[in-house]
Amino acid sequence: MYIEMVDETGQVSEEIIKQTHDILEFAAKKIGKEDKEMAVTFVTNERSHELNLEYRDTDRPTDVISLEYKPELVEDPDLAEMMSEFDSYIGELFISIDKAHEQAEDYGHSFEREMGFLAVHGFLHINGYDHYTPEEEVKMFGLQEEILTAYGLTRQ
């Protein structure tokens, strides 16, 4: 899997960048998406707030924003056709470093665990998993925990 990583914050360690890359590759193998491409951008709460407002019409920062790449939803037929040629690209994640620190403290686990959780959670979203219904939640959260545990990022 090809993963482009950008740290807009200048605060993400090489270890966290490597962990994020490795756990996403691990998750991709688990669900059969090894041949895909995606992007991950590490952002601040301020940037997360801007993105959340722009893409989700929600006026607050959030922990991870998942933008699934869906050429079939583009209204312009020429653009949709051009986009369909890039079928290996599945989407992008924006992970708020600030929220990850806050939530790690709130949930009583490590920053590494929270960053892994957010990466896997977002990854599953851009691959069609959701948690809007109880059935979807059981399926997505079960797979998410299975991936994190098998990778070695257990709750502590």
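The values are calculated or read from the model by the stated rules, or taken from the named source; none is laboratory data. Quick caveat, the model's predicted, so the values are computed rather than measured. Backbone-built Cβ (ideal geometry, glycine too); neighbour counts: all protein chains shown. Heavy atoms of the whole protein, side chains included, go into the accessibility calculation; ligands, DNA and RNA do not. Shrake-Rupley method; radii C 1.70, N 1.55, O 1.52, S 1.80 Å.
Computed quantities for the displayed model
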{"quantity": "Residue count, the stretch 20-38 (criterion: farther than 16 Å from Gly91 by Cα and either within 13 Å of the chain's Cα centre (by Cα) or of a type in the set (D, E, K, R) (or both))", "calculated": "4"}
{"quantity": "Selected residue (criterion: surrounded by the fewest Cβ atoms within 10 Å (Cβ to Cβ)) from residues of the stretch 1-53 that are outside any loop (DSSP other than H, G, I, E, B) and of a type in the set (Ser, Thr, Tyr)", "calculated": "Tyr2"}
{"quantity": "Verdict on Lys99 being of a type outside the set (Asp, Glu) and modelled with pLDDT of 95 or more", "calculated": "yes"}
{"quantity": "Residue within the stretch 66-73 that is within 26 Å of Phe111 (Cα to Cα), among the aromatic types (Phe, Trp, Tyr), open to solvent by less than 70 Å² (accessible area, probe 1.4 Å) and free of Cβ contacts under 8 Å to residues at least 60 places away in the same chain present", "calculated": "no"}
{"quantity": "Contacts under 7 angstrom Cβ, first residue in the stretch 1-14 being closer than 14 Å to Ser48 by Cβ, partner part of a loop (DSSP other than H, G, I, E, B), 6 or more apart", "calculated": "Thr9/Thr44"}
{"quantity": "Residue pairs meeting the criteria (Cβ under 6 Å; at least 6 apart or on separate chains; first at positive phi, in the stretch 19-44; second acidic (Asp, Glu) and at pLDDT 95 or above)", "calculated": "none"}
